[in-house]
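Since the structure comes first, as structure tokens, the remarks are kept for the end.
The values are calculated or read from the model by the stated rules, or taken from the named source; none is laboratory data. Computed from a predicted structure; not experimentally measured. Backbone-built Cβ (ideal geometry, glycine too); neighbour counts: all protein chains shown. We work out accessible area using only protein heavy atoms, side chains counted, and drop any ligands, DNA or RNA first. Shrake-Rupley method; radii C 1.70, N 1.55, O 1.52, S 1.80 Å.
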Amino acid sequence: MRNGPNNPFNPGSDSIPEVWAGRIEQLSDWRDVVRPRRVAGLPERGRTILGEPGLGKSALVRRIAQDARSRGDWVTPQLRIPSGADPLKLVAAAVLELAASAGLPSSRERRIRQAIERVQAVAVSGISLTLRASDGPEPYTALTELLVEVGRAAIHRGDVLALIHIDEVQNITDEKSLSQLLIALGDALTYEVDVAVPGGEFVSRTLPIAVYLTGLPDFEDMAGARKGATFARRFKTTTLAPLADDDLAEALQPFVLEGWEVADGDGGTARVRMDPAAAATIIQVCCGEPFLFQLAGEQAWYAGRGDTISADEVRSGWRGAQREATAHVERILERLPGRERQFLDEMAQLPPAERSLTQIAAAMGLAKPTDAGPTSQRLDTVRGIIERGRPYSFRHRAVEAYLTSDWPAI
């Protein structure tokens, strides 16, 4: 009954997980704030979703994009920025697709035709256009102009929004490229047009355009610190934390109660249930990590053939996933600068009740607690790995489990 084609868990893939857990706040923000305000012509910042690997940043925005498409919105594909690539070329190609969705290529207006031609040139040459003034405006200006035309077309269509999703934004290491990209997107988000209202008067409104950026916490320094207040005014940043156990339990409840519906191989359907103890074991081993949650579920599914997933099958499947779980957390730790890694190691060695900045700094061999202050602040507000309090605690539970116990062994 359980096989590869009907396994609803899918760790690390580019598709939206069938078994969805949590992120209600971010999904509600899209449905109740971002989309309705942008469609209504009200100002609303773009969204930057950051977090360590495995927290489901890209999957979250893919789900938002799925919802947008179901409403008839114009949506770019997920624009994953490879390291060293020219982001303006990739975004320009995506904006041209939005223009096609809006029907702009068929327009006879000279202004629109010229905007499309300029962005087509950017899609070919990217940032290199800035080296030849004779080629016209800089790439970010051309992108902004076409985005404005897309926004105008969306207003004319009515109840339609253009959604742009740029992923792996931390890979944009060239400051000129990053600056031009953020300015182009930010200018489009804040651009106002005059529209007619009943009574023959005109009022100003913003364009129905939404922008989501996703990536690692390093982007906070690249964009926030270097671009300063302008970026903060135009983009609202959220750093994702691991999921709460209640969110995971809610996601598994359909398995526990009525079972998960699958094809039975004979043209009908059957249901795969999960023992409450099995669900509890999955929640225990994944430590709130969306990637590890999908991994544990996937391996539990393959650990048996029957219509009920047992706790023993979860444990058996997890034993086969331990190496991948270990590598996942080690990748997170290996990315950290030496001082931040040392801070976590010393914090993990202390009893939970004694994890104060004073004790951690002393264990690190620092002269005074304030010497460790900037490091603790980054691990909290930028990376979301710890939570500064009395006492300090780990927010990233998989990192804590790895540093303080035999996890992932069970």
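Details
- Every residue from region 22-76 that is buried (at least 22 other Cβ atoms within 10 Å of the Cβ), touching a Pro at 6+ places or on another chain (Cβ under 8 Å) and at pLDDT 95 or above: ARG38
- Boolean, THR206 is open to solvent by 40 Å² or more (accessible area, probe 1.4 Å), over 15 Å from THR48 (Cα atoms) and hydroxyl-bearing (Ser, Thr, Tyr): no
- Any hit, region 212-220, residues being within 29 Å of the chain's Cα centre (by Cα) and either surrounded by fewer than 18 Cβ atoms within 10 Å (Cβ to Cβ) or over 28 Å from SER83 (Cβ atoms) (or both): yes
- Any hit, region 266-274, residues being over 30 Å from PHE9 (Cα atoms), open to solvent by less than 60 Å² (accessible area, probe 1.4 Å) and without any contact (Cβ under 8 Å) to a residue 12 or more places away in the chain: no
- Against the criterion of being modelled with pLDDT of 95 or more and either open to solvent by 20 Å² or more (accessible area, probe 1.4 Å) or over 30 Å from PRO254 (Cβ atoms) (or both), THR381 does not qualify.
- Tally, over region 166-179, of residues that are out of contact with any Ser or Thr (no Cβ under 6 Å at 6 or more places or on another chain), of a type outside the set (Val, Ile, Thr) and either surrounded by 24 or more Cβ atoms within 10 Å (Cβ to Cβ) or at pLDDT 90 or above (or both): 2
- For the residues LEU257, LEU248, LEU252, the requirement of being open to solvent by 10 Å² or more (accessible area, probe 1.4 Å) and hydrophobic (A, V, I, L, M, F, W, C) singles out LEU257.
- Selection status of GLY84, part of a loop (DSSP other than H, G, I, E, B), out of contact with any Phe, Trp or Tyr (no Cβ under 9 Å at 6 or more places or on another chain) and farther than 25 Å from VAL195 by Cα: yes
- Residues of region 150-165 that turn out to be surrounded by 23 or more Cβ atoms within 10 Å (Cβ to Cβ) and within 16 Å of ALA102 (Cβ to Cβ), as a count: 6
- For region 319-367, the set of residues classified as over 23 Å from the mean Cα position of the chain (by Cα) and small (Gly, Ala, Ser) consists of GLY320, ALA321, GLY338, ALA348, ALA353, SER356, ALA361, ALA362, ALA363, GLY365, ALA367, listed by residue number.
- In the set (1) open to solvent by 40 Å² or more (accessible area, probe 1.4 Å); (2) modelled with pLDDT under 95, GLY304 fails one condition alone, (1).
- Remark: pairs (first residue in region 36-54, under 14 Å from PRO208 (Cα atoms); second residue part of a strand (DSSP E or B); Cβ separation under 6 Å; 6+ apart in sequence or on different chains) = ARG38/ALA210; GLY41/ARG205; GLY41/THR206; PRO43/THR206; ARG45/PHE235; ARG45/LYS236; GLY46/VAL211; GLY46/PHE235.
- Every listed requirement among (1) at pLDDT 95 or above; (2) not in a helix (DSSP H, G or I) is met by PRO11 save one, (1).
- Per-region count, region 308-351, residues among the polar types (S, T, N, Q), closer than 23 Å to ARG395 by Cα and either touching a helix residue (DSSP H, G or I) at 6+ places or on another chain (Cβ under 6 Å) or open to solvent by 60 Å² or more (accessible area, probe 1.4 Å) (or both): 2
- Within region 155-184, residues that are assigned to a loop (DSSP other than H, G, I, E, B) sit with their Cβ atoms under 8 Å from residues that are β-branched (Val, Ile, Thr), at 6+ positions apart or across chains, in these pairs: ASP159/VAL39; VAL160/VAL39; LEU161/VAL39; LEU161/ILE209; GLU168/ILE81; GLU168/THR214; ILE172/ILE81; ASP174/ILE127.
- Residue ID - modelled with the lowest pLDDT, chosen from residues in region 78-111 that are more than 18 Å from PRO139 (Cβ to Cβ) and surrounded by 13 or more Cβ atoms within 10 Å (Cβ to Cβ): SER107
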